[in-house]
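Only the coordinates and a few stated rules stand behind these numbers; no lab work does. Please read all numbers here as calculations on a predicted model, not as lab measurements. Heads up, the Cβs are rebuilt from the backbone with ideal geometry, glycines too, and the neighbour counts pull from every protein chain shown.
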Amino acid sequence: MLKKFLLPLLLALCLLVPAFAEEEGLPMVEFDLDGGSMFGGTLIITCLDDTISETGSYGFLCEVEDISALTVGDILTAMEIKSIEPVLEGDAFEGWMIYQLVITEDEDGFSDWQYVRLDELIYSTEDLLALPAPDYYAVYTAKWASVPAESYYSEDAESYEVITVPSITLFANGGVMRIDSEEGPYEATLSVAMAEEGLSFGEVLDLGRLLSVTMEGKTFTGWTVYDVHVLEVSDVPVAEDGVLCYMLGEEWYMVLREYDVCAQNISTEELAGIVCSVTDHVVVANFE
């Protein structure tokens, strides 16, 4: 199963938006909103254009001129987020806990991710939005009534029943996907979506809006679909037998360690007809 705590980084890479400035050297604000994805919690994100996105977690990454003058709510407003609502069927939302994500690297170049809770308070959504924008990698996590706070981001999390929400990662593999929208066409290299069992890939990914997949000097030939059991994000390339490693950007790689090939070199129309199962999928563009 895809490690859900890696989705915030994938989403942050996908949603990289210079909300205030594009100059280098400005302070960076980086945080995740996590609906308690390790227990099946989701977030309903309402945007200014009234579209609603639903995902286990949502990442934000932007440069600002003065962090001290901004709140978490200011960042969401700048990214055209109108409201956030955590949802977990059969459970009660108590508020938000604050964690700091600390990433360390060992002598072999492997990264270790640790979630450190900063205080014992539980914040209402209103209080969360009023907090100063963090100058560290913050993770704001929904606290659910049935799950003890000490169980989050720990080995104990596996002892709780999890509502499995499959994910689909659509990856241009070095190319560019041109996607239509109400505001006009835009380009993307990566898209991550959460899906309910029984929906088709076309419904989840809205493939009807996919205009083209291109790479300079090469011809797009179709998609390969992987059923993924273990996915990692690494800041170094991984070259091991049986492991697939794809470059996400200048400093990040998507690593598939355990996977099955569900479909190979299929058209977008064929991809749209595949029905989601209770597993995670990575869909990779192929070029000649």
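Remark: the GLU85-GLU105 segment gains 3.8 nm on full extension, using 0.36 nm per residue and subtracting the alpha carbon distance.
Here the calculated FRET efficiency for GLU251 and GLU120, from their Cβ-Cβ distance with R0 = 25 Å, stands at 0.15, rounded to the nearest 0.05.
The simple Förster model, with R0 at 25 Å and r as the Cβ-Cβ distance, assigns GLU288 and ASP235 a FRET efficiency of 0.25. In terms of the mean number of neighbouring beta-carbon atoms within 10 Å, the peptides 231-244, 214-227 order highest first as 214-227, 231-244.
Please compute the length gained on full extension between ARG209 and GLU196, using 0.36 nm multiplied by the number of residues separating them and subtracting their Cα-Cα distance.
Values: separation 13, 0.36 × 13 = 4.68 nm, distance 1.99 nm.
Gain on extension, ARG209 to GLU196, equals 2.7 nm.
Each label was represented as a point 7 Å from its Cα along the Cα-to-Cβ direction; for VAL275 and CYS47 these points are 2.9 nm apart.
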